[in-house]
Amino acid sequence: MSDNLRRYRAIRHALAQCYPTSSQGNFARHLNTLAALISGIVGGKSAQLPHIAAKVPDGTQFESRVKRFTRWLDNERILEEIYFLPYAESLLTHLALETLVLVMDGSVVGRGCMALMLHVVYKGRALPLVWRVRQSPKGHCPEALHIAVVALMI
């Protein structure tokens, strides 16, 4: 069994345990896609969809995987409360045994857009927890946006 497949199965199993109900139907499909995205990010060491798709162990064509991930990310029915927060909550619970270091960062994320993100630092990596994107050039964000990002953590 390849490392990619082993990693994907371990992530899929761990994600399934973070949710209070068993996965069925569309929820199961969405959970498989989320596990594939996380597995690809870890294996590809990048957040770019082509790098992620190259490390996902399914039998579909490369371009089909990229398109599936793009559609999943653009889907309005994919809500943070359902697909991200249970995982983030479990992660933070396990990391809370140590001192947690939170870092706030502003980054350019597209044409004329900037993301203000709050990360937890773990083993020298910044794992994003919450973020807000606004249309503005690179630079300082207003205080209200900083407060809104911190309020998302509460």
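The values are calculated or read from the model by the stated rules, or taken from the named source; none is laboratory data. The model shown is predicted, which means the values in this text are computed figures rather than measured ones. Note: ideal-geometry Cβ built from the backbone for every residue, glycine included; neighbour counts use all protein chains shown. Quick note on the areas: whole protein, heavy atoms, side chains included, nothing else; ligands and nucleic acids left out. Shrake-Rupley method; radii C 1.70, N 1.55, O 1.52, S 1.80 Å.
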Could you check Ile147 against (1) open to solvent by 70 Å² or more (accessible area, probe 1.4 Å); (2) part of a helix (DSSP H, G or I); (3) among the aliphatic types (A, V, I, L, M); (4) under 28 Å from Ala53 (Cα atoms) and say which number it fails? (4)
What tally of residues in the range 116-135 results from selecting those that are open to solvent by less than 80 Å² (accessible area, probe 1.4 Å) and in contact with a Gly (Cβ under 7 Å, 6 or more places away or on another chain)? 1
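For the range 57-79, how many residues meet the condition of being within 26 Å of His146 (Cα to Cα) and open to solvent by less than 60 Å² (accessible area, probe 1.4 Å)?
Of the residues in the range 57-79, the ones within 26 Å of His146 (Cα to Cα) are 73-74, 76, 78-79.
Cutting the leftovers down to open to solvent by less than 60 Å² (accessible area, probe 1.4 Å) gives us 78.
Counting residues in the range 57-79 that are within 26 Å of His146 (Cα to Cα) and open to solvent by less than 60 Å² (accessible area, probe 1.4 Å) gives 1.
If you check Tyr87 against the conditions, is it under 24 Å from His119 (Cβ atoms), open to solvent by 40 Å² or more (accessible area, probe 1.4 Å) and among the aromatic types (Phe, Trp, Tyr)? Walk me through how you get there before you give the answer.
Numbers: under 24 Å from His119 (Cβ atoms): yes; open to solvent by 40 Å² or more (accessible area, probe 1.4 Å): yes; among the aromatic types (Phe, Trp, Tyr): yes.
Against the criterion (under 24 Å from His119 (Cβ atoms), open to solvent by 40 Å² or more (accessible area, probe 1.4 Å) and among the aromatic types (Phe, Trp, Tyr)), Tyr87 qualifies.
Yes/no per residue for (1) basic (Lys, Arg); (2) exposed (fewer than 12 other Cβ atoms within 10 Å of the Cβ); (3) closer than 20 Å to Leu129 by Cα:
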site	(1), (2), (3)
Thr33	no, no, yes
Ala36	no, no, yes
Leu49	no, no, yes
Ile52	no, no, yes
Lys55	yes, no, no
Glu81	no, yes, yes
Across the range 1-44, what is the number of residues that are in contact with a Lys or Arg (Cβ under 9 Å, 6 or more places away or on another chain) and part of a loop (DSSP other than H, G, I, E, B)? 2
Hey, does the range 93-105 have a residue that's modelled with pLDDT under 85 and either among the basic types (Lys, Arg) or open to solvent by less than 80 Å² (accessible area, probe 1.4 Å) (or both)? yes
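Which of the residues spanning the range 71-96 are in contact with a Cys (Cβ under 8 Å, 6 or more places away or on another chain) and within 18 Å of Tyr122 (Cα to Cα)? Break it down stepwise before answering.
Start the filter on the range 71-96 by keeping residues that are in contact with a Cys (Cβ under 8 Å, 6 or more places away or on another chain), which leaves 86-87, 89-90.
Of everything in the range 71-96, those that are in contact with a Cys (Cβ under 8 Å, 6 or more places away or on another chain) and within 18 Å of Tyr122 (Cα to Cα) turn out to be Tyr87, Glu89, Ser90.
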